[in-house]
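Q: Before I ask anything, let me first share the structure, which is written out below as structure tokens.
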Amino acid sequence: MKTYKLGVVGDPISHSLSPKIHNLFAKRANIQIEYHGYHVLPNELDNFIRDFFDDGGDGLNITLPHKINCLQSADEFSPIVKKIGAANTLTRLTNTDKIFADSTDGMGLIKGLREARINEIMSDILILGAGGAAQSIIHDLQNMHPRVIAIANRTKEKVKPLVERFPSLDLDVLHPNTQVVDIATYISEWDFQGFHTLINATSAKEERDFKWCDLLPIEGVTNFYDLSYSKLGKTTPFVKWAKSQDIGATRKIVRDGFEMLIHQAALSFEVWTGIKPDTQITKAELFDE
Ligand code: NDP
């Protein structure tokens, strides 16, 4: 039986749950993998990736801070990677030995939102953050045809280049306005209909880091989704803050990004092995020590 040689590259890497997740996928799919975490500094990234694949590696996940720079080491790019300019999954193409870059973060989020029963993805969405994670999820959210995706970030200057990367899709007459805008533009120029879904794509570490959101027009938000995830029995700062928001609604959903983590990993696993793994993984299985 083939043993897939896989891994995840980041700086730092010790916190990564990917080795555990992929080993669980492999065990349940009854296939053999060797999946390791690799601590790789930015100046070593290109050599590391090339050596890994030259030595027979089949696939690599790419995490912070390498999701953009890893593209320099790839030969071919999926349509989503060309759009977002970042990747989290590298694969050695068996026919040509070329390195193929793909991104599963956006689709992982969409699946995570569905699992959280957040069904209003077609309404106006507000994303907090303008870093790599925001950049990775916007295109897949656009494809769900929300009227608008507004972006708010602590450092306001970072929003403009991000917004410019994602022009309106104008897919058809039914969905002409899947636009991405700066929150300031949204407030001043758009007919404000209220946000249903607030997505946290920041790496803020404290509940008080979300105080600035009190100034944002979030009165109507009923869905709060955090890309960050917490350990079993713990709560992320965004989830704590979101739970403290009195929105006067009877139905409020607040979820962290654990399901997204599992789904983006499952999509990578499928890219490498062709197998859709069982995604029923609990926090208890991953945080067992
Ligand atoms: P980046 O470093 O690229 O961006 C960080 C973002 O967070 C920036 O917008 C930054 O704002 C903002 N930020 C950082 N600290 C604060 C603060 N104290 N207050 C307000 N804003 C702050 O990180 P990524 O975009 O790659 O990752 C963001 C988060 O998403 C991480 O926690 C990561 O773990 C999570 N993630 C989860 C995934 C999953 O599968 N569940 C997948 C991918 C990411 P500024 O520009 O002002 O510095």
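The values are calculated or read from the model by the stated rules, or taken from the named source; none is laboratory data. Model, not experiment: these values are computed from the prediction. Quick reminder, even Gly has a Cβ in these numbers, built from the backbone with ideal geometry, and neighbours come from all protein chains shown. For accessibility, only protein heavy atoms count, side chains too; no ligands or nucleic acids. Shrake-Rupley method; radii C 1.70, N 1.55, O 1.52, S 1.80 Å.
Q: Mind computing the radius of gyration and Dmax over the alpha-carbon atoms of segment 233-289? Å is fine for both.
A: 15.4, 47
Q: Using a ≥ b ≥ c from the Cα gyration tensor of segment 1-112 (square roots of the eigenvalues), is it rounded, prolate or oblate, where a/c under 1.5 gives rounded and otherwise the larger of a/b and b/c decides, a/b for prolate?
A: It is rounded, given that a/c, with a ≥ b ≥ c, falls under 1.5.
Q: Hey, what angle do you get for helix 45-54 against the long axis of the chain, alpha-carbon based, 0 to 90 degrees rounded to 10?
A: 40 degrees
Q: Let me ask you something else. Cut-off under 19 Å on the C-alpha distance; same-chain residues fewer than 8 positions from Lys83 excluded. Which lysines are left, in chain and number order?
A: Lys67, Lys158, Lys160
Q: Let me ask something else. On a 0 to 90 degree scale, rounded to 10, what angle separates helix 105-115 from the longest Cα axis of the chain?
A: It is inclined by approximately 60 degrees.
Q: Shifting gears a bit: Using unit Cβ charges (K, R positive; D, E negative) and no other charged atoms, how large, in debye to the nearest 20, is the dipole of segment 64-122 about its Cα centre?
A: Computed charge dipole of segment 64-122: roughly 100 debye.
Q: If you average the alpha carbon positions of segment 99-126 and of segment 55-80, how far apart do those two centres end up, in angstrom?
A: Between the Cα centres of segment 99-126 and segment 55-80 lies a distance of 20 Å.
Q: What dipole magnitude, in Debye to the nearest 20, does the chain give about its Cα centre under +1 on Lys/Arg Cβ and -1 on Asp/Glu Cβ?
A: 580 debye
Q: Pairs to check: Lys27/Lys82; Lys2/Lys205; Lys252/Lys283; Lys27/Lys98. Give those whose C-alpha atoms are more than 31 Å from each other in this structure.
A: Check vs 31 Å cut-off fails for Lys27/Lys82; Lys2/Lys205.
Q: Considering just Cα atoms, how many Å³ per residue does the convex hull of segment 115-216 enclose?
A: 113 Å³
Q: Relative contact order for segment 36-95 using alpha-carbon pairs under 8 Å, separation at least 6, rounded to a whole percent?
A: Answer for segment 36-95 is 39 percent.
Q: Let me ask you something else. At 7 Å along the Cα-to-beta-carbon direction for both Ala29 and Glu189, put a label point, then send me their distance in nm to one decimal.
A: Using points 7 Å along Cα→Cβ, the separation is 4.4 nm.
Q: Sticking with this one: At a 10 angstrom cut-off on C-beta neighbours, averaged per residue, how do the peptides 70-82, 16-28 rank from highest to lowest?
A: 16-28, 70-82
Q: Which of the listed residues, Leu6, Phe53, Ala26, is farthest toward the dipole's positive end in segment 1-57, when Lys, Arg count +1 and Asp, Glu count -1 at the beta-carbon?
A: Toward the positive end, the furthest listed residue is Ala26.
Q: Looking at the chain, what % of the alpha carbon pairs are farther apart than 24 Å?
A: 51 percent
Q: Keeping all protein chains in place, calculate the accessible area per residue for the chain (probe 1.4 angstrom), answer in Å².
A: The answer is 48 Å² per residue.
Q: Turning to a different aspect of this structure: Heavy atoms only, probe 1.4 angstrom, no DNA, RNA or ligands counted: give me Phe48, Phe210 ranked by accessible area, highest first.
A: Listed by decreasing accessible area, they come as Phe48, Phe210.
Q: Hey, another quick one. Of the accessible area of segment 121-234, with the probe set at 1.4 angstrom, what percent is carbon plus sulfur?
A: Carbon plus sulfur share of accessible area: 54 percent.
Q: Stretch Glu206-Lys243 to full length: gain in nm at 0.36 nm per residue minus the Cα-Cα span?
A: So the extension gain works out to 11.9 nm.
Q: If you line up the long axis of helix 132-142 against the longest principal axis of the chain, both from Cα atoms, how many degrees apart are they, to the nearest 10?
A: 70 degrees
Q: Here's another thing I want to ask about it. Give me log10 I(q)/I(0) at q = 0.11, 0.17, 0.22 Å⁻¹ for segment 155-276, Debye formula, one equal scatterer per alpha-carbon, no solvent.
A: Those come out to -0.51, -1.10, -1.32, one per q.
Q: I've got another one for you. Counting Lys and Arg as +1 and Asp and Glu as -1, each charge on the Cβ, what is the dipole of segment 97-161 about the Cα centre in debye, to the nearest 20?
A: 240 debye
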